Structure formats: C-alpha cells, structure tokens
C-alpha cells in the first residue's frame, strides 16, 4: 500500500467531518502564519490553535517568497487577516545546502537550471529577519504593523522571538 493509500484509509477511518461550523474562509484570529514544511513542526500544537483560527502557509524553510507574498496579499485584502507570524526553526534542511549547489544538482539531473531561488541559509535568525522585512516592505501587503518573527526549536519546543 502506498503512503497516499494509507492516508486515504486513515481519512475514511478517522473523525474528520469537515468544517460545518466554520462558515467562512476568513480566519477567526485574523492572523496568518508562515512556516516551514518540515514534518516535525505541528503548527496547531505550537500555538494551541483551533480549527478555523489562522491561515497557515508552508514551504521549504518557511521563507517569504513571491508565492507567500501572493497568498498573504489575498489573505489580508480578501479574507481579513491583519497580523503575520513568520516562524522558522532549528535544524532546518535549508541550512544544510547552498543555492548554487542545489541548482547545479538540478541542472545536472535535468539539463535545466531552475529560475527560482532556493533560499538556503546558514543562520536561521538572519533568514527570519529577512522574511519579516520582505513582508513589511511588500507594497501588496497592506497590514504590516504587526509582523513578528520567531525561531522554533524542534528539540525543545522553545519559541524565541527574533528582533
């Protein structure tokens, strides 16, 4: 059985009934969280979230890319969010590679060099600061007064704000 088949069976066997009590795609807390796709990060547990409270945007590294700006723009302009958390984490896979190294690897394997940035980093706090600034400086994101960045420690669950 494939992993997809396993998850489909879990869905059939599980308690998911959808979200009949949540009548809008607008999050109750008017907050968006940008974080990494790393499977160790349980965003709902980290912040004690309930279904329907926040928008969660995930990608490799939890970095603010053009696509994240796109999603935040929609989230704020059409769905009522007013605050943003950028949360990256310790022991991230992006800290183990470089942009050029990964692009070289892809080019060698496919014959094409990707046009997008990998967004690899060495120091997670610097990456958080950069992503927070990208949100604050974007002309497409209207509410930037309450954008905050954090580093989540995957070993201890400590959450440290980055200034």
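A few notes on this one:
- Virtual spin-label span in nm between residue 163 and residue 108, 7 Å along Cα→Cβ: 4.5
- Shown for 81, 96, 65: other C-beta atoms within 10 Å of each C-beta, ranked fewest to most, produce the order 96, 65, 81.
- If R0 equals 25 Å, the separation of the Cβ atoms of residue 6 and residue 56 corresponds to a calculated FRET efficiency of about 0.60.
- Considering only alpha-carbon pairs that sit under 8 angstrom and 6 or more positions apart, the relative contact order computed for the stretch 25-162 is 27 percent.
- Extension gain for residue 154-residue 40 works out to 40.4 nm (0.36 nm per residue, less the C-alpha to C-alpha distance).
- Packing-based exposure ordering (other Cβ within 10 Å, fewest first) of 159, 72: 159, 72
- The chain - mean residue ellipticity at 222 nm from DSSP helices (-39,500 (n - 2.57) per run, n ≥ 4, rounded to 500): -10500 deg cm²/dmol
- Choice from 79, 12, 112 with maximal GNM fluctuation in the chain (Cα, 10 Å cutoff): 12
- Computed FRET value (nearest 0.05) for residue 95 with residue 130, which takes r as the C-beta separation and R₀ as 22 Å: 0.95
Values in this text are rule-based calculations from the coordinates and carry no lab data. Remember, predicted model here, so these are calculated numbers, not experimental data. All Cβ positions, glycine included, derive from the backbone under ideal geometry; neighbour counts span all protein chains shown.
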